[in-house]
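Everything on this sheet refers to the single structure shown next.
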Amino acid sequence: LRVKPTCMFRNWLRYVNTSLEMVRIRNKLMSYSITESMTGLYNRRGMDIKVNEMLRNASPCDSCFVMLVDMDGLKAINDKFGHGEGDTAIIEVSSVARSVLDKNEIAVRAGGDEFYVIGVGKYDEQKIKSKVGLVEYYINEKNRNSVKGYDLSVSIGYHICPVNETTKIEQIIKIADEAMYVNKVARKKNRK
């Protein structure tokens, strides 16, 4: 019993096609497991994977920074305009977080209204303050061009530290969170 070459070739193509499809599905599932669906930013699992990779590839003189961006007033937007509009506000803030990224940085949606910008590289206080200023500028631009019945508002905190073998991202996030809380309290006092 001889198999025709065209039949063998067709079967081979089917196997190749099936294999390629399985690779595409695996990649898509991997993407879904590390990104957040509404904004497309990394989720906490994705953050852990990417930050560990960034820290492994860091040079001895590199620093790690975390900028924590927390939305102000999301509950008020949800209550007054509905959760669909709250989702739109979250997407707007996530686009601001994404817009300030450099090539060695990631943006993460860490929770409902909390975002991280994380980088490993050559950073100093002035560079991070400039990045904070960019976030504030982009938020103000979105508000200036908005026809919504509300303004976007964020509180920001950050921390920067040298990378070494004991660098733990959770500790950097904790310090950035404390700085963000100080900023949030000061902003509330200024609004009154």
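Tallying residues that are surrounded by 18 or more Cβ atoms within 10 Å (Cβ to Cβ) and either among the small types (G, A, S) or more than 17 Å from M67 (Cα to Cα) (or both) within the stretch 158-178 yields 1. Once the stretch 96-106 is narrowed to residues that are over 13 Å from G121 (Cα atoms) and under 9 Å from the mean Cα position of the chain (by Cα), the residue that is most open to solvent (accessible area, probe 1.4 Å) is R98. Screening W12 against (1) open to solvent by 50 Å² or more (accessible area, probe 1.4 Å); (2) among the hydrophobic types (A, V, I, L, M, F, W, C); (3) in contact (Cβ under 8 Å) with a residue 40 or more places away in the chain leaves a single unmet condition, (3). If the condition is being aromatic (F, W, Y), surrounded by 14 or more Cβ atoms within 10 Å (Cβ to Cβ) and out of contact with any Leu (no Cβ under 7 Å at 6 or more places or on another chain), then the stretch 116-137 contributes only Y123. Of all residue pairs spaced 6 or more apart or on separate chains, those with beta-carbon atoms under 8 Å, a first member in the stretch 161-187 that is acidic (D, E) and a second member that is surrounded by 14 or more Cβ atoms within 10 Å (Cβ to Cβ) are D177/L68; D177/G157; E178/G157. Here L152 passes the criteria (1) under 15 Å from V93 (Cβ atoms); (2) in contact (Cβ under 8 Å) with a residue 24 or more places away in the chain; (3) open to solvent by 30 Å² or more (accessible area, probe 1.4 Å) except the one numbered (3).
Have a look at S130, S95 and point out the one that is within 18 Å of E36 (Cβ to Cβ), in a helix (DSSP H, G or I), out of contact with any Phe, Trp or Tyr (no Cβ under 6 Å at 6 or more places or on another chain) and at pLDDT 95 or above.
Within the list S130, S95, the selection yields S95.
Evaluation of G82 against the conditions (1) small (G, A, S); (2) surrounded by 18 or more Cβ atoms within 10 Å (Cβ to Cβ); (3) over 30 Å from E165 (Cβ atoms) shows that the sole unmet condition is (2). Criterion first (closer than 29 Å to N78 by Cβ, of a type outside the set (V, I, T) and more than 19 Å from the chain's Cα centre (by Cα)) does Y150 satisfy it? Answer is yes for this residue.
Only one of the listed residues (K50, K75) is in contact (Cβ under 8 Å) with a residue 12 or more places away in the chain, surrounded by 12 or more Cβ atoms within 10 Å (Cβ to Cβ) and part of a helix (DSSP H, G or I). That residue is K50.
Every test in (1) without any contact (Cβ under 8 Å) to a residue 60 or more places away in the chain; (2) closer than 17 Å to N43 by Cα; (3) over 10 Å from the mean Cα position of the chain (by Cα) is passed by V93 save one, and that test is (1).
The values are calculated or read from the model by the stated rules, or taken from the named source; none is laboratory data. The shown structure was predicted, so the numbers you read here are calculated from the model rather than taken from an experiment. Cβ coordinates were reconstructed from backbone atoms using ideal geometry, including for glycine residues, and neighbour counts include every protein chain displayed. Ligands, DNA and RNA are stripped out before the accessible areas are found, and what is left, the full protein with its side chains, is counted by its heavy atoms. Shrake-Rupley method; radii C 1.70, N 1.55, O 1.52, S 1.80 Å.
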